[in-house]
1. Checking residue 131 against (1) more than 30 Å from residue 9 (Cβ to Cβ); (2) surrounded by fewer than 15 Cβ atoms within 10 Å (Cβ to Cβ), which test does it fail?
2. For region 19-37, enumerate the residues that are under 13 Å from residue 5 (Cβ atoms) and of a type outside the set (D, E, K, R).
3. Which ones in region 52-65 are closer than 20 Å to residue 88 by Cα and either of a type in the set (A, V, I, L, M, F, W, C) or modelled with pLDDT under 90 (or both)?
4. Restricting to region 101-118, count the residues that are surrounded by fewer than 18 Cβ atoms within 10 Å (Cβ to Cβ), under 21 Å from the mean Cα position of the chain (by Cα) and not aliphatic (A, V, I, L, M).
5. Inside region 1-96, counting only helices (runs of 4 or more DSSP H) that do not spill past its ends, which hold 2 or more residues that are in contact (Cβ under 8 Å) with a residue 60 or more places away in the chain and open to solvent by less than 80 Å² (accessible area, probe 1.4 Å)?
6. Looking at the structure I just gave you, is residue 80 modelled with pLDDT under 80, touching a strand residue (DSSP E or B) at 6+ places or on another chain (Cβ under 8 Å) and not charged (D, E, K, R)?
Amino acid sequence: MNIYLRYFDNETLVHNVDEAIDYLSTLSEIEVTPELEEDLRNYVASSVLFPKRYKVRSRVYFIVIKTEAQTMQDFKEKKAVRSKSALVAEAKANEQKRLNEALVGWYEGTLDFKRVIMNHMGKCEYRDTSFTVHCIANSQQDCYNRIVEHLSSRVDKRSQFPAAKGKNFTCRFLGFPKQNSVGSI
């Protein structure tokens, strides 16, 4: 992954963070501090593909863009730019892979859902409800399926459960089960 840097008309394409810091050091208006250097290294090492801007002074910034372009001409012609739909598809594939990753053990799953309940006037209404459980499952998806199966037999059938990929389901691996453990909620 290469790095494109731009400050007004000054721009360059470098191949690593050290080259980027050397380039920024040549610009008289930009002070390269240890904090800036560390933040730049963290940004380049992260999976974030969005451009990042750094403040030089009030309303003046320089930008940093991670790119797969090998030359400045390739970058300018947008030959190495991934489309937004490709990025979204990649993120969905990573999420699905994470959910289906087989790892048998104890999970803590939390599901925030819309539960149908009867109010004091005898009418039904939706209430935001959070349900947390510890269970033995084969994957995060299996944990989600166990929670929904458990709840669907205990709450009104009109209750609404979110998708496992959404922000309303969180799951974390707690550890491996003992040999005699039984997987149930």
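1. That leaves (2) as the condition not met.
2. Of the residues in region 19-37, the ones under 13 Å from residue 5 (Cβ atoms) are 19-27, 30, 32, 36.
20, 21, 23, 24, 25, 26, 27, 30, 32, 36, listed by residue number.
3. The first filter runs over region 52-65 and keeps only residues closer than 20 Å to residue 88 by Cα, leaving 52, 65.
Correct list: 65 only.
4. Narrowing region 101-118 to residues surrounded by fewer than 18 Cβ atoms within 10 Å (Cβ to Cβ): 101-105, 108, 110, 112, 114, 116-118.
In the following step, the residues that additionally are under 21 Å from the mean Cα position of the chain (by Cα) were identified as 101-103, 108, 110, 112.
The next check asks that each one be not aliphatic (A, V, I, L, M); those that pass are 101, 108, 110, 112.
Of the residues in that region, 4 qualify.
5. Working: elements: 17-26, 34-45, 72-76.
Per the criteria, 72-76.
6. Details: modelled with pLDDT under 80: yes; touching a strand residue (DSSP E or B) at 6+ places or on another chain (Cβ under 8 Å): yes; not charged (D, E, K, R): yes.
When the stated conditions are applied, residue 80 passes them.
The values are calculated or read from the model by the stated rules, or taken from the named source; none is laboratory data. Model, not experiment: these values are computed from the prediction. Methodologically, a virtual Cβ is constructed for each residue, glycine included, from the backbone with ideal geometry; neighbour enumeration extends over all protein chains shown. Accessible surface areas use protein heavy atoms only, side chains included; no ligands, DNA or RNA. Shrake-Rupley method; radii C 1.70, N 1.55, O 1.52, S 1.80 Å.
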